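What follows is calculated from the coordinates using simple rules that are stated; it is not laboratory data. Just so it is clear, the structure is predicted and the values come from calculations on it, not from any experiment. Note that each Cβ is placed from the backbone with ideal geometry, even for glycine, and that neighbours are counted across all protein chains shown.
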Amino acid sequence: MRLEGIHHVTAITADAPGNVDFYARLLGLRLVKKTVNQDDPTVYHLFYADERGSPGSDITFFEYPGAGPGRAGAGMVHRVVWRVASPEALDFWEERLRASEVPTSRSDGRLTFSDPEGLGLDLAVVETEDEPLVAEHPEIPSELALQGFEGARAYTSEPGASRGFLEGTLGFEGSGGTGFEARGERRGSFYAYDQTNERGIGGAGTVHHVAWASAPEEHEAWRERVLEGGGSPTPVIDRFYFKSIYFREPSGVLFEIATIGPGFTTDEPLEHLGERLSLPPNFEHLRAQVEPVLTPLPNPRESWAQR
């Protein structure tokens, strides 16, 4: 069994309208699902991805209005890396971000910046045979657009603590030093550590967990493998759009293994993804209670048409 790289990365925001503006308007991702945190249905769960909502392109956010700013520390992912196709793409993004007063730095085929709440982001020029996962946007040519995740960087106080678990249990391959790769038949992603002894503080602008992609028929077997490797996985949880198990790897980072599918078109047609509040069937009876407490959000594609 092999994990197909990153499925999604989930972070925390205190400002859903600002979050939509940054990730959908500025970065050009598609808001593919507007739903709720199934562990706390009074809280948004927003999903941004490529045009089809594909695993491997999907950054998601829980909105906690008024949440204080967090700070990444040991046991937390602190940087999310996307692929782009060329140095010309970096030129485009450097200009686009600076025009919106987003500070950037650039070196060695990489553009580094942060979202408005401080989440660390990179764009990296990557040559790969993996399918580019691209969203449509009227201001961003497809050849310059973000193409899905390249990987994630986490903090740890003990760089060697997780090697045996990542390689022996999850099948990651060491790529030298403190870096690893999870690669299946169709996709791959890196996972790497930077050392710190500083403790993190959860809050706005921090990553909640990173999810790895599993074939549906292998999901139960992955749970057994995590148990055998000394992990403490949750039971399989049906999230309607995919199934999930959660556990912490030895460095403390919260991992999820999520199935590839059924996907976001389970309850919305592809052409209308993310336009309305979607509630899985087990939560539909709560609609009248939760809609009034959620922050009103525009459909970003309607605003494009108006402009």
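In the stretch 213-278, if the dipole is taken from +1 on Lys/Arg beta carbons and -1 on Asp/Glu beta carbons about the Cα centre, which of VAL253, PRO269, ILE237 is farthest to the positive end?
VAL253
For THR295 and LEU227 in the same chain, what is the full-extension length gain: residue separation times 0.36 nm, less their Cα-Cα distance, in nm?
Additional length available on full extension: 20.6 nm.
What FRET efficiency do you get for GLU181 and ARG71 if R0 is 25 Å and r is their Cβ-Cβ distance, rounded to the nearest 0.05?
About 0.35, to the nearest 0.05.
At 0.36 nm per residue, minus the direct Cα-Cα distance, what do GLN195 and THR128 gain on full extension? Give it in nm, one decimal, please. It would help to have the intermediate numbers written out before the result.
On the way: separation 67, 0.36 × 67 = 24.12 nm, distance 2.81 nm.
Extending this stretch completely gives an extra 21.3 nm.
In whole angstrom, note down how far apart the Cα centers of the stretch 189-245 and the stretch 38-86 are.
The distance from the Cα centre of the stretch 189-245 to that of the stretch 38-86 comes to 14 Å.
Summing -39500 (n - 2.57) over the DSSP H runs of n ≥ 4 in the chain and dividing by its residue number, what mean residue ellipticity at 222 nm do you reach, to the nearest 500 deg cm²/dmol? Don't skip to the answer; put the middle values down first.
Working: 5 runs with 39 residues, N = 307.
Theoretical 222 nm ellipticity from helices: -3500 deg cm²/dmol.
Could you order the peptides 75-85, 113-123 from most to least packed, using the average number of other C-beta atoms within 10 Å per residue?
Values: 75-85: 21.8, 113-123: 19.5.
Packing proxy ranking, top to bottom: 75-85, 113-123.
By per-residue mean of other Cβ atoms within 10 Å, what is the highest-first order of 2-8, 284-290, 141-147? Mind showing how you got there, number by number?
On the way: 2-8: 23.4, 284-290: 11.1, 141-147: 19.7.
The densest-packed peptide leads the list: 2-8, 141-147, 284-290.
Calculate the FRET efficiency for THR112 and ASN282 from the Cβ-Cβ distance with a Förster distance of 35 Å, rounded to the nearest 0.05. Display every interim value, and only then the final one.
Values: r = 41 Å, r/R0 = 1.16.
After rounding to 0.05, the efficiency reads 0.30.
Springs between alpha-carbon pairs under 10 angstrom, Gaussian network model over the chain: which of THR13, THR234, THR35 fluctuates most?
Looking only at THR13, THR234, THR35, the largest GNM fluctuation is found for THR234.
Treating only the Cα positions of the stretch 114-232 as identical point scatterers, give the base-10 log of I(q)/I(0) from the Debye formula at each q in 0.12, 0.14, 0.16 Å⁻¹.
Relative scattering, expressed as log10 I(q)/I(0), comes to -0.58, -0.79, -1.01.
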